[in-house]
2 protein chains.
Amino acid sequence: MSKELIFGHQSPDTDAIVAPKALAYLQSKLGKDVEAVALGELNEETKFVLDYFKEDEPRVIETASNEVDAVMLCDHNEPQQSVSDIDKLTVTDVVDHHRIANFNTEKPLFYRAEPVGCTSTILFEMFNENEIEIPAKLAGLMLSAIISDTLLLKSPTTTDKDISAVKALAKIADINYEEYGIKMLKAGTNVDARSDKDLIDGDAKSFTMGGKSVRIDQINTVDLNDVLKRKDNLVSAMKDEASAEGYDLFLVIATNVLDSNSKAIVVGEPKDSVEKAFNQQISDDTIDLPGVVSRKKQVVPPLNDVME
Amino acid sequence: MSKELIFGHQSPDTDAIVAPKALAYLQSKLGKDVEAVALGELNEETKFVLDYFKEDEPRVIETASNEVDAVMLCDHNEPQQSVSDIDKLTVTDVVDHHRIANFNTEKPLFYRAEPVGCTSTILFEMFNENEIEIPAKLAGLMLSAIISDTLLLKSPTTTDKDISAVKALAKIADINYEEYGIKMLKAGTNVDARSDKDLIDGDAKSFTMGGKSVRIDQINTVDLNDVLKRKDNLVSAMKDEASAEGYDLFLVIATNVLDSNSKAIVVGEPKDSVEKAFNQQISDDTIDLPGVVSRKKQVVPPLNDVME
């Protein structure tokens, strides 16, 4: 059995770093030779999490086929969100909680997806199914990922499984998850300390909708104004990047994690699709997204519906 | 929660009939309103199985969107193997053991695939994970599906999980699975009783490879000559169907389930890809496939490799 790399999506968030670590631990217990790596630098929230639980940062890779023939994907499946040379690799395992799109394999594989709030919730189930104990440190990391993806179990993506997983993991990690969760979310939202480029790339994902290349980034904050006061600079950075990378449409969504509201900055076309999808007008390059906190559940599906 | 239909692929084999029944039982225990249906008439083997265990035949449907909004797929994911109006339906759940191809969803879903010999093996695991008891009759059906897909655990697709599942299910069903399995496989291979059209359609699946439409059918037999003596009529029926349905390439594989060898009848183009994929010459419309018993593992991957 030759070695495999395990990674989450580009522009990794906490789940995209933690889920590969959890899957690597599980696979190694099952006898596989694996290493969890990352497809980009860690964001502030993830740094806080790894530091809090005294866990090493993963190695960041640019390509994988120079090291291995086969890989396992966590928290994504769409090729444009994956490692740059994904077309040269065999995907043997996927653990994910997103839609399936443009993901094709030549051979049968292990694929585990559930419509839950976080990949780490599925991994929690897989540990139970395989009767493998979760160490306290890993439990702390996994509950951090679930809190991150579900905004402390408040996002509409949150399911009963996420809630039970967080409670069980908090017991194993011996932590008050509500107090810890607020500290963690605040640590991830220090917008002032981040550059324009980091803000528009930090949690950005690419999608293909109706033949158009759509880029959607999300910035968590405790005050929308921390993002919007820099709108002119952000618009200019978004335009530069859209033209360099060939994005037709670029949305940067600022989300207030405390009151669960968002506004998006919109660059590119078709703007009317954005207005239609959210039933709001774009004014001064921004659009109100009241009650929106989940890109996956509240942004991608309505936009995809209008554009397809 | 509105009702969902559950079905296997077109031209159903035993797993494509049994796996939906097993998933329907599991989902109903989990509180869902579901019905297992079929996308075509049962083959002789499946009729033998349902008759043996006194299980009703499922209702055969042509379309699903006239009845339901959402469906669950077993034993397939590729749209061209699914119900004709799959594009109008939401797929909420998939349990499968094939490659993933051209399968795209708008929203997150439950997707469970493993590279094992049979979908019913994965369902056996899911019953265990959910701590739901398998009734004796259903256990008999599920072990029949595994025996069918793995040719009594001899196909190269067979994994340790299939073997353990068959043994555990045999205990629940209180059956000698080896004696029963040979009876069942023989019941499914009464080639003389089948029409040319039934032989070339009976277990046929469509694939897209390198932009070409490829149709691959497999006929299990206990004597290859039972198929090959009818070659001229089969070639003529294959040509008619290829031209009516727009298949570029049509392979009908005759497999001897007792000695694990195959020969294929080949119609259409590119013939040189077929010769290259199997490193054999086509002569008189047929090609030797020594040791080949698994379409999924020994036919689709090498042919896809050459054609892509």
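The values are calculated or read from the model by the stated rules, or taken from the named source; none is laboratory data. Just so it is clear, the structure is predicted and the values come from calculations on it, not from any experiment. Glycine gets a Cβ as well: all are built from the backbone with ideal geometry, and neighbour counts include every protein chain shown.
Got at least one residue in segment B:95-114 being free of Cβ contacts under 8 Å to residues at least 60 places away in the same chain, closer than 22 Å to B:Leu199 by Cα and either surrounded by fewer than 17 Cβ atoms within 10 Å (Cβ to Cβ) or within 14 Å of chain A (Cβ to nearest Cβ) (or both)?
Checked segment B:95-114: no residue is free of Cβ contacts under 8 Å to residues at least 60 places away in the same chain, closer than 22 Å to B:Leu199 by Cα and either surrounded by fewer than 17 Cβ atoms within 10 Å (Cβ to Cβ) or within 14 Å of chain A (Cβ to nearest Cβ) (or both).
Tell me whether segment A:162-179 contains one or more residues that are closer than 30 Å to A:Asn233 by Cβ and under 17 Å from the mean Cα position of the chain (by Cα).
no
Given the structure, is B:Ala136 at pLDDT 95 or above and touching a Leu at 6+ places or on another chain (Cβ under 8 Å)?
no
Determine if segment A:51-68 includes at least one residue that is within 11 Å of chain B (Cβ to nearest Cβ), under 19 Å from A:Gln27 (Cβ atoms) and either assigned to a loop (DSSP other than H, G, I, E, B) or out of contact with any Cys (no Cβ under 7 Å at 6 or more places or on another chain) (or both).
no
Take the residues in segment B:115-136 that are more than 15 Å from the chain's Cα centre (by Cα) and assigned to a loop (DSSP other than H, G, I, E, B), then tell me which one is surrounded by the most Cβ atoms within 10 Å (Cβ to Cβ).
So, considering only residues that are more than 15 Å from the chain's Cα centre (by Cα) and assigned to a loop (DSSP other than H, G, I, E, B), the one surrounded by the most Cβ atoms within 10 Å (Cβ to Cβ) is B:Ile134.
From the residues in segment A:195-222 that are within 21 Å of the chain's Cα centre (by Cα) and in a loop (DSSP other than H, G, I, E, B), which one is nearest to A:Gln80 (Cα to Cα)?
A:Ala204
Return the residues of segment A:257-308 that are of a type in the set (Gly, Ala, Ser), surrounded by fewer than 16 Cβ atoms within 10 Å (Cβ to Cβ) and more than 18 Å from A:Thr150 (Cβ to Cβ); say none if nothing qualifies. If you could, list the steps in order and put the result at the bottom.
Taking segment A:257-308 as the starting set, the residues that turn out to be of a type in the set (Gly, Ala, Ser) are A:260, A:262, A:264, A:268, A:273, A:277, A:283, A:291, A:294.
Subsequent filtering for residues that are surrounded by fewer than 16 Cβ atoms within 10 Å (Cβ to Cβ) retains A:283, A:291.
If the condition is that a residue be of a type in the set (Gly, Ala, Ser), surrounded by fewer than 16 Cβ atoms within 10 Å (Cβ to Cβ) and more than 18 Å from A:Thr150 (Cβ to Cβ), then A:Ser283 is the only one that fits.
Taking B:Tyr111 as meeting all but one of (1) under 13 Å from the mean Cα position of the chain (by Cα); (2) outside any helix (DSSP H, G or I), write down the number of the exception.
(1) is the only condition that B:Tyr111 fails.
Mind checking which residues of segment A:157-180 are farther than 24 Å from A:Arg295 by Cα and either in the same structural domain as A:Gly291 (by TED's automatic domain parsing) or at pLDDT below 95 (or both)?
A:Glu179
Exactly one condition in (1) at pLDDT 95 or above; (2) farther than 17 Å from A:Pro20 by Cβ is not met by A:Lys154; state its number.
Every condition holds for A:Lys154 apart from (1).
Among the numbered criteria (1) within 14 Å of chain B (Cβ to nearest Cβ); (2) crowded, with 16+ Cβ neighbours inside 10 Å, which single criterion is violated by A:Glu45?
A:Glu45 satisfies all of (1) within 14 Å of chain B (Cβ to nearest Cβ); (2) crowded, with 16+ Cβ neighbours inside 10 Å except (1).
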